[in-house]
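K.L.:
My questions all concern the structure below.
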Amino acid sequence: ITSAVAFDILPLKLHPFSQSTPTGLDCVGWKRHISSPVITDGALDKTALTDDIGSEEDLYEDFRSSNHRYGHPGGGGEQLAINELISDGSVVYAEALWDHVTMDDQELGFKAGDVIEVMDATNKEWWWGRILDSEGWFPASFVRLRVNQDEPMEDYPLKVEGGKEDESSSGTRRFGMGQTTKDQMRTNVINEIISTERDYIKHLKDICEGYIKQCRKRADMFTEEQLKTIFGNIEDIYRCQKKFVKALEKKFNKDYPHLSEVGSCFLEYQTEFQIYSEYCNNHPNACLELSRLTKVNKYVYFFEACRLLQKMIDISLDGFLLTPVQKICKYPLQLAELLKYTNPQHRDFKDVEAALNAMKNVARLINERKRRLENIDKIAQWQSLIEDWEGEDVLVRSSELIYSGELTKISHPQAKSQQRMFFLFDHQLVCCKKDLLRRDILYYKSRINMDDMEILDVEDGKDKDFNISVKNAFKLHCRDTEEVHLFCAKKPEQKQRWLKAFENERRQVQLDQETGFSITEVQKKQAMLNASKQHHTGKPKAITRPYYDFLMRQKHPTLPTTLPQQQVFMLAEPKRKPSNFWQNISRLTPFRK
């Protein structure tokens with residue numbers, strides 16, 4: 001049993017490119033000639049379907065009967081080459097792209113970044129491998145073959161007396177034209193970056209020309225809103241990537257690839273790569289819309305006809321649309337490998353190092369925006385369970401719950417104290433009252449605009465403004481109206497947590513302004529609508545929905561029966577422990593009022 005969960009969508013026919021696996025025999029140590037296509041800035045090519053093509057069913061059958069077979073130039077041949085190398089006694093290594101967590105003793109578990117020795121690649125989807133003393137099956141789509149198969153497992157060159165590197169070590173062994181092994185390995189990584197970018201551009205072009213252009217001709221089948229849901233902003237990504245690959249080509253040294261200086265290209269485009277955030281956030285909606293449409297045969301035939309006429313590889317549209325999500329996550333892995341084989345004295349070293357950090361930050365930003373969008377459903381659901389709600393919805397101004405807890409609020413003029421539940425969101429603090437009998441029911445009382453407030457720490461003792469003795473207290477002071485709110489916590493540590501939470505709230509607001517994060521009106525309205533529907537049906541809605549890739553099944557007596565799903569944004573970095581924050585809040589606001 002693996003840790004993965006998947007949406008109920010069409011199965012994906014596995015192909016190396018669909019999982020962002022490097023294509024071509026150079027991945028297993030064979031040199032491949034890299035062509036240099038010319039990419040223009042003009043309009044898309046005019047090669048397209050004619051308007052009068054008959055029915056989708058007829059077109060699809062015509063292609064099937066004429067025995068058209070459009071494969072990817074590396075698919076089966078690459079797998080055959082791997083097995084030939086293994087059977088010849090060569091050692092083939094793969095690097096884990098995602099964690100594979102399993103409780104099956106016949107499967108091989110690993111973490112992102114682990115190196116696996118591939119011992120059997122006969123099956124397309126499940127390979128047999130080894131890590132140290134452990135052997136087992138693992139999903140081929142979770143790994144990519146190492147670009148440098150001849151690299152020793154040790155990361156450090158051998159040392160000899162006097163602290164100098166051994167001339168026979170891998171780091172200084174010479175190839176032709178004065179290249180060291182490290183230079184040759186850097187050449188391999190550079191070639192992979194360039195070739196995969198060219199492949200990716202072709203892939204994006206195929207989607208834009210093969211699918212989107214044809215869909216727009218069929219207004220009877222697709223509305224603009226549907227196309228926006230299915231394809232997101234992939235045309236913007238295509239335009240961005242065309243410029244990016246041209247910049248890479250200019251920095252690519254064809255005669256001596258190891259001398260190429262590509263780090264500056266990633267630094268130049270790091271801001272533009274943030275457009276992937278919109279695409280990644282929309283991708284689950286695209287999968288759901290495609291799943292709905294492909295229950296109707298005419299859409300299945302239409303999409304397949306588009307694929308065949310564009311001569312695209314044999315995977316379904318949802319598989320093609322996954323590639324941009326995988327691509328933005330692959331950049332940090334490629335740059336980490338490039339940095340590993342770049343000498344500190346190399347002119348590109350500092351730029352590659354900075355580019356690696358920049359692309360990690362881009363991936364983190366995309367992850368964070370995705371998490372924030374998932375949170376708006378929880379916030380909408382929370383609000384729907386509060387009794388006597390007044391005023392605008394929380395989502396009008398806020399998208400993140402920072403902190404919550406009980407405080408004693410002291411009000412003028414008689415310094416009346418009231419025990420209340422407070423929920424601190426970005427931009428606002430919401431005050432609620434617990435039901436006297438049902439303590440898990442909350443009633444809306446008021447809210448405070450945090451944009452106008454400053455936080456004042458109050459020492460224990462008599463407060464001169466309210467003329468009472470206080471302990472563990474702090475104030476919110478409005479700079480415009482001079483209005484003051486006094487709060488007391490039960491314990492000193494609770495007070496400190498609140499003060500820290502107020503700092504985090506201001507930091508979050510500033511970060512959102514700097515990064516341009518915002519939630520569209522459509523997203524807000526949809527979240528509130530979903531919460532309203534859920535509330536009326538009385539069925540609890542799943543608070544968290546992990547975002548995984550497609551579910552693929554492989555029936556084989558000696559293989560696992562289901563293929564686990566890699567999480568979309570998972571790099572080889574420590575994970576945060578799951579938080580029980582929302583679960584604690586749900587105890588206060590159950591689904592039944």
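K.L.:
Conditions: (1) farther than 30 Å from Lys525 by Cβ; (2) surrounded by fewer than 22 Cβ atoms within 10 Å (Cβ to Cβ). Lys370 meets all but one. Number of the miss?
P.N.:
Evaluating Lys370 over (1) farther than 30 Å from Lys525 by Cβ; (2) surrounded by fewer than 22 Cβ atoms within 10 Å (Cβ to Cβ) leaves (1) as the failure.
K.L.:
I'm told Glu272 meets every condition in (1) loosely packed, with under 15 Cβ neighbours inside 10 Å; (2) in contact (Cβ under 8 Å) with a residue 24 or more places away in the chain; (3) of a type in the set (Asp, Glu) except one. Can you identify the failing condition by its number?
P.N.:
Only one criterion in (1) loosely packed, with under 15 Cβ neighbours inside 10 Å; (2) in contact (Cβ under 8 Å) with a residue 24 or more places away in the chain; (3) of a type in the set (Asp, Glu) is unmet by Glu272, namely (1).
K.L.:
So the check is Cβ under 7 Å with 6+ separation or different chains; which pairs have a first residue in region 352-366 that's of a type in the set (Lys, Arg) and a second one that's part of a helix (DSSP H, G or I)?
P.N.:
Pairs found: Lys360/Pro332.
K.L.:
Consider Asp236 carefully, then state whether it is within 26 Å of Met312 (Cα to Cα), outside any helix (DSSP H, G or I) and open to solvent by 10 Å² or more (accessible area, probe 1.4 Å).
P.N.:
Considered against the rule, which asks whether it is within 26 Å of Met312 (Cα to Cα), outside any helix (DSSP H, G or I) and open to solvent by 10 Å² or more (accessible area, probe 1.4 Å), Asp236 comes out as no.
K.L.:
Quick check on my filter: what residues within region 363-411 are among the hydroxyl-bearing types (Ser, Thr, Tyr) and either part of a loop (DSSP other than H, G, I, E, B) or over 19 Å from Cys432 (Cβ atoms) (or both)?
P.N.:
Correct list: Ser398, Ser399.
K.L.:
Is there a residue being in contact with a strand residue (DSSP E or B) (Cβ under 8 Å, 6 or more places away or on another chain), of a type in the set (Phe, Trp, Tyr) and within 21 Å of Phe502 (Cβ to Cβ) anywhere in region 435-455?
P.N.:
no
K.L.:
Within region 333-342, can one find any residue that is among the charged types (D, E, K, R), assigned to a helix (DSSP H, G or I) and crowded, with 19+ Cβ neighbours inside 10 Å?
P.N.:
The answer is yes; a qualifying residue exists.
K.L.:
Scan region 214-226 and tell me whether some residue there is at positive phi and assigned by the TED database to the domain that holds Tyr331.
P.N.:
No: region 214-226 contains no residue that is at positive phi and assigned by the TED database to the domain that holds Tyr331.
K.L.:
Assess whether Asp440 counts as being assigned by the TED database to the domain that holds Glu493 and either in a loop (DSSP other than H, G, I, E, B) or open to solvent by less than 30 Å² (accessible area, probe 1.4 Å) (or both).
P.N.:
yes
K.L.:
Restricting to region 505-530, give me the number of residues that are modelled with pLDDT under 85 and either small (Gly, Ala, Ser) or on the phi > 0 side of the Ramachandran plot (or both).
P.N.:
2
K.L.:
For region 91-107, give me the residue count where each residue is assigned to a loop (DSSP other than H, G, I, E, B) and within 24 Å of Gln334 (Cβ to Cβ).
P.N.:
Result for region 91-107: 4.
K.L.:
Given region 444-527, what strands (runs of 3 or more DSSP E) lie entirely inside it while holding 2 or more residues that are open to solvent by 40 Å² or more (accessible area, probe 1.4 Å)?
P.N.:
453-458, 468-470
The values are calculated or read from the model by the stated rules, or taken from the named source; none is laboratory data. All of these numbers come straight from a predicted model, not from anything done at the bench. With ideal geometry, Cβ positions are generated from the backbone for all residues, glycine too; neighbour counts draw on all protein chains shown. Side chains included, ligands, DNA and RNA excluded: accessible areas come from the protein's heavy atoms. Shrake-Rupley method; radii C 1.70, N 1.55, O 1.52, S 1.80 Å.
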